[in-house]
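Okay, so here's the structure we're looking at.
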Amino acid sequence: MRLTLALFFCALLVLANGIVDHYHAPTGIMLTPVLILSITTLMVSTRRFRTNPVSAMLMVVLFISLNDTGIKLYGGGTHDNEGQAWVHLFLLIGLLPSYSALLFVIFRQSTASVSTKIVAALLFPLLLFGYLTLFADLGMGQLNSCRYGC
């Protein structure tokens, strides 16, 4: 699969999930694990990223972060602690199989060096931990419901 096509589909999936969550909350939150696995599959199936696992990890983390930001900022309903907990729960449900699949693909490669594989394996959880530490409360207190004017 070509890189530009994979990036286009990932961006389209993230945008569509944000729109669905804005107008039909909490459907976008519930679809987050499926979206994360789809993004992971698209990135892993791209030939260029199979040879460079660090780039694949960076792109997967970028799209996961964009999806999470879109849900937290533009999702429908009142944004409170309970909603944030649901967003984080479904994010975690999607991250566990995605990370497992990425590790399987990375360590099965024969073209990348061991140090590159280790860096790629550590990059995913470290970047997501940093993102969630900085933006865990993103969108708190917002009222984004279509009942109050979309």
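Residues in the stretch 93-123 that are loosely packed, with under 13 Cβ neighbours inside 10 Å and touching a residue at least 60 places away in the same chain (Cβ under 8 Å): 1 in all. In the stretch 1-35, the residue that is nearest to Gly139 (Cα to Cα) out of those that are polar (S, T, N, Q) and surrounded by fewer than 19 Cβ atoms within 10 Å (Cβ to Cβ) is Thr27. Within the stretch 128-140, the set of residues being open to solvent by 70 Å² or more (accessible area, probe 1.4 Å) and either outside any loop (DSSP other than H, G, I, E, B) or touching a strand residue (DSSP E or B) at 6+ places or on another chain (Cβ under 9 Å) (or both) comprises Phe129, Thr133, Leu134, Phe135. Assess whether Leu66 counts as being out of contact with any helix residue (DSSP H, G or I) (no Cβ under 8 Å at 6 or more places or on another chain) and either open to solvent by 60 Å² or more (accessible area, probe 1.4 Å) or under 27 Å from Leu5 (Cβ atoms) (or both). No; evaluated as a whole, the condition is false for this residue. Among the residues making up the stretch 42-52, those that are in contact (Cβ under 8 Å) with a residue 40 or more places away in the chain and surrounded by 14 or more Cβ atoms within 10 Å (Cβ to Cβ) are Leu42, Val44, Thr46, Phe49, Arg50, Asn52.
The values are calculated or read from the model by the stated rules, or taken from the named source; none is laboratory data. Source: prediction; values computed, not measured. Here Cβ is always computed from backbone atoms with ideal geometry, including for glycine, and neighbour counts include all displayed protein chains. Calculation scope for accessible area: heavy atoms of the full protein, side chains included, ligands and nucleic acids excluded. Shrake-Rupley method; radii C 1.70, N 1.55, O 1.52, S 1.80 Å.
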